[in-house]
Amino acid sequence: MSKENSVRQKHCDVVVIGAGPAGLAAASQASGAGAQVLLIDQSLRPGGQFWRHASEEHDADPGRWHHGWNTYTQLAKVLERAIGTGRVEHLSGHHVLTGERTGTGLGLTVQPVPELADGVRGLITVEAPAVVLCPGAYDRQLPVPGWTLPGVMAAGGVQAFIKTQGAAPGRRAVLAGTGPFLLSAAASVIQAGGEVAAVCEAADLTGWVPHGVAAALVPSKGLEGAEYISLLAKHRVPYLRRTAVTAIHGEQRAEKVTVSRLDRHGAVVAGTEKHFNDVDLVGLGWGFVPQSELVVQFGAQTRIDIDGSLIGVVDTRQHSSVEGLYLAGEITGVAGATAAVAEGRIAGYAAAWMAGYRVRGARQAAAAQRDKILRANHRAFARAMHTAHPLPAGWESWMQEETTVCRCEEVPYHRIRESTETLSAQEPRGLKGTTRTGMGWCQGRICGAAAICLAKSSGDQRKEQAARAVAKRPLAAPVRLSDLAESRAQTRPLKAP
Amino acid sequence: MSETITLSVDGEEITIEPKRTVAAALMLAAERPAWRRTRFNNEPRGLFCGIGVCFDCLVTVNGEASLRACLIPAEDGMVIETSERGTR
Ligand SMILES: Cc1cc2nc3c(=O)[nH]c(=O)nc-3n(C[C@H](O)[C@H](O)[C@H](O)COP(=O)(O)OP(=O)(O)OC[C@H]3O[C@@H](n4cnc5c(N)ncnc54)[C@H](O)[C@@H]3O)c2cc1C
Ligand code: FES
């Protein structure tokens, strides 16, 4: 791959960052209103995390792995048409590194993803009056002894692997953590021909009972859940509640898993261990972490959501506290793909309106009303889900002295404990300085949730500060220093005016 | 388009379906759950997040080091080098 560095500049009416459910809906809505749209996404193909798929050339029926695939094909068709007429430019395989307010609008720097770039690696600077930010989320993790062994993966990573490869990344799996997503990942493993030894759910699920109403508002979710449960029952997969994977064993890779019962506070009940032998795949997932770094970079208002995530604050039009910056999808609270699509449409419409493209009429009003109802129902469902599936407060009870917390810098649990106890590293930033936790390649994306807990941040305001400190990264997308050094050298002349 | 493509992994040729990522090729065809060693503890690492976030899956492709194997679509003739060479 040759490296040609140049800086290009682009202008448009609306930039949409992320081509997942939210971003695709936003781009189709904004371009439909007449705005010139630039859609930027890291991946080569649209779809985001939810509709991640292999190219049609390689998988004739990608829909078999998906829910809501019809919605995807409709959105993809609209997008294709808009690309054909020049209304939308799709900058795939590119990540947005920085976002800032400029005097006249919002500015971004964008770079080709090195892994996908054939040749050109230069930076692109983009300016627009309106940006719809739909960056989605990644799996939230809690450390556990043995979680660095090969064969242990993020549950979402297992799902992503199956959706693109049509095969499971292991033969016999245990899925563990919390949330209905574990069921969907387990179902995919079975569908891909793998075996599931158990699904371990840390919650006891009685948390759903007072929220039956919220669940009833979203019948499609109930149906989807029932489908998974019946598939798992058919394959005799144990669904172990109030249970967590508390150790993973193996020499060069995962081979065996210990699970334990948890008490009401999510702490391990001694003497309840059970073992699953012959397990070569462990999928761990504790909900999702919205990718909030660009929100923080833009200086938009944030808050801590009910699941503990740092999210962007928006009004009813999905507008953030920064003029021209709209947010949609998981970045406004983890609520699933249907909510993301509804929010994307609302945000795309509002962003186009702001850029001067105004559509009125009874049909538009009715559609907007439907989206608002969908958004409200799915948000209510999400609140119920998060309440029923909290992070277990007692998770530190399964940690051992030597358990790795920060995978990149290989920081063991005892070093963090010493640091928080003796060096008063009472917040994640302090932990970084004293232990290098969160300073490695992933910039604290994987250990961030644990670091926030371990730094003993208490109170919502302190939690928000801690979460903002973790999400405060100079670059939104992980980037190799060598690429950056080269690009930097090239940007300077153009940055002048 | 041919039904399979060929990659070289640490000097050995593997034949795979064209839809594979480099990570999936290593796991499914080369049967390598790990292809990197950590700096301090020399631990084996392979795929973790699967979506380009964790950087556990770094690999050298066509001479370029430190690329995320989970993001790279495999291409015929690619030369993959891992830091797990011979330590399987
Ligand atoms: C690995 C994974 C698998 C999942 N699988 C499922 C599933 O099977 N079922 C389910 O119900 N839910 C799943 N989820 C949850 C899912 O994320 C949401 O329900 C849904 O995809 C949210 O839509 P979204 O548009 O907000 O974000 P996403 O679908 O996450 O889309 C965001 C897009 O933005 C891109 N992006 C982010 N930052 C940048 C940047 N700086 N520059 C350029 N592009 C950027 C991302 O690459 C991504 O393509 C999964 C989540 C993850 C992390
Ligand atoms: S597996 Fe996490 S970056 Fe590739």
For the stretch B:9-88, with every protein chain kept in place, what is the accessible area per residue (1.4 Å probe, Å²)? 39 Å²
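Estimate the FRET efficiency between A:A270 and A:L205 by the formula 1/(1 + (r/R0)^6), using the beta-carbon distance for r and 22 Å for R0, to the nearest 0.05. Please report the intermediate quantities before stating the final value.
Numbers: r = 23 Å, r/R0 = 1.05.
Computed FRET efficiency for A:A270 and A:L205 comes out at 0.45.
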Counting only protein heavy atoms and rolling a 1.4 Å probe, how much accessible area do B and A lose on contact, total for both sides, in Å² to 100? 3600 Å²
Using a Förster distance of 41 angstrom, determine the FRET efficiency expected from the C-beta separation of A:R462 and B:T6, and round it to 0.05. 0.15
For the stretch A:183-247, state which trypsin sites (Lys or Arg not before Pro) are in a DSSP loop and have at most 14 other beta carbons lying within 10 Å of their beta carbon. A:R236
For the stretch A:384-424, residues shielded by at least 20 square angstrom of accessible area compared with the chain on its own, probe 1.4 Å: A:R407, A:C408, A:E409, A:E410
Can you tell me the Rg and Dmax of the stretch B:11-88, counting just the alpha carbons, in angstroms? 11.5, 35
Take the alpha carbon gyration tensor of the stretch A:53-206, find the square roots of its eigenvalues, order them as a ≥ b ≥ c, and report rounded if a/c is under 1.5; if not, report prolate when a/b exceeds b/c, else oblate. prolate
Listed residues A:W441, A:W51 arranged by accessible area, highest first, probe 1.4 Å: A:W441, A:W51
Over the stretch A:78-159, one equal point on each Cα, no solvent: what is log10 I(q)/I(0) by the Debye formula at q = 0.14, 0.19, 0.20, 0.27 Å⁻¹? -0.76, -1.04, -1.07, -1.26
Cα gyration tensor of the stretch A:1-122, axes a ≥ b ≥ c as square roots of the eigenvalues: rounded (a/c below 1.5), prolate (a/b > b/c) or oblate? oblate
Between A:W69 and A:E255, what is the spin-label point distance in nm, taking each point 7 Å from the Cα along the Cα→C-beta axis? 3.9 nm
With a 1.4 angstrom probe the carbon and sulfur portion of accessible area for chain A, in percent, totals 52 percent
With a cut-off of at most 11 other beta carbons within 10 Å, and DSSP calling the residue loop, which chymotrypsin sites (Phe, Trp or Tyr not before Pro) in chain B qualify? Please list them. B:F40
Please check: in the Gaussian network model of chain B (C-alpha springs, under 10 Å), which one of B:E64, B:E43, B:E13 has the largest mean-square fluctuation. B:E43
Please report the spacing between the Cα centers of the stretch A:34-90 and the stretch A:400-456 in Å, no decimals. 39 Å
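Taking the solvent-accessible surface of protein heavy atoms with a 1.4 Å probe, what is the per residue accessible area of the stretch A:115-173 in Å²?
Heavy-atom SASA per residue in the stretch A:115-173 reads 17 Å².
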On the accessible surface of chain B, probed at 1.4 Å, how many percent belong to carbon and sulfur atoms? 44 percent
Interatomic Cα distance distribution for the stretch A:144-221, bins of 5 angstrom, percent: 3, 14, 22, 21, 16, 11, 8, 4, 0
If you put +1 on each Lys and Arg Cβ and -1 on each Asp and Glu Cβ, how big is the dipole of the stretch B:4-88 around its Cα centre, in Debye rounded to 20? 360 debye
Just need the Rg to Rh number for the stretch A:1-61, please, alpha carbons only, Kirkwood Rh. 1.07
Using the Karplus curve 6.51 cos²θ - 1.76 cosθ + 1.60 with θ = phi - 60°, work out ³J(HN,Hα) for each residue of the stretch A:12-19 in order, rounded to whole Hz, and write x for Gly and Pro. 7, 7, 9, 9, 10, 9, x, 10
Please give the Cα centre distance for the stretch A:371-387 versus the stretch A:312-349, rounded to the nearest Å. 13 Å
The stretch A:390-452: C-alpha gyration tensor shape, a/c 1.5 cut-off, then a/b vs b/c: rounded
Karplus ³J(HN,Hα) for the stretch A:244-251 (6.51 cos²θ - 1.76 cosθ + 1.60, θ = phi - 60°; Hz, whole; x = Gly/Pro) runs 10, 6, 10, 6, 10, 10, x, 8
Take every DSSP beta bridge whose two residues both sit in chain A, then give the antiparallel share in percent to the nearest 5. 45 percent
Per-selection metrics, chain A (Cα): Rg and Dmax in Å: 22.4, 68
Restricting to DSSP loop positions (anything but H, G, I, E, B) with no more than 15 other Cβ atoms inside 10 Å of their own Cβ, which GluC sites (Glu not before Pro) remain in the stretch A:347-447? A:E401, A:E402
Counting only DSSP beta bridges fully inside the stretch A:146-242, the antiparallel percentage to nearest 5 is 0 percent
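The values are calculated or read from the model by the stated rules, or taken from the named source; none is laboratory data. All values derive from a computational prediction rather than experimental measurement. Reconstructed Cβ throughout: ideal geometry from the backbone, glycine too, with neighbour counts over all protein chains shown. Note: accessible area is taken over every heavy atom of the protein model, side chains too, but ligands, DNA and RNA are not part of it. Shrake-Rupley method; radii C 1.70, N 1.55, O 1.52, S 1.80 Å.
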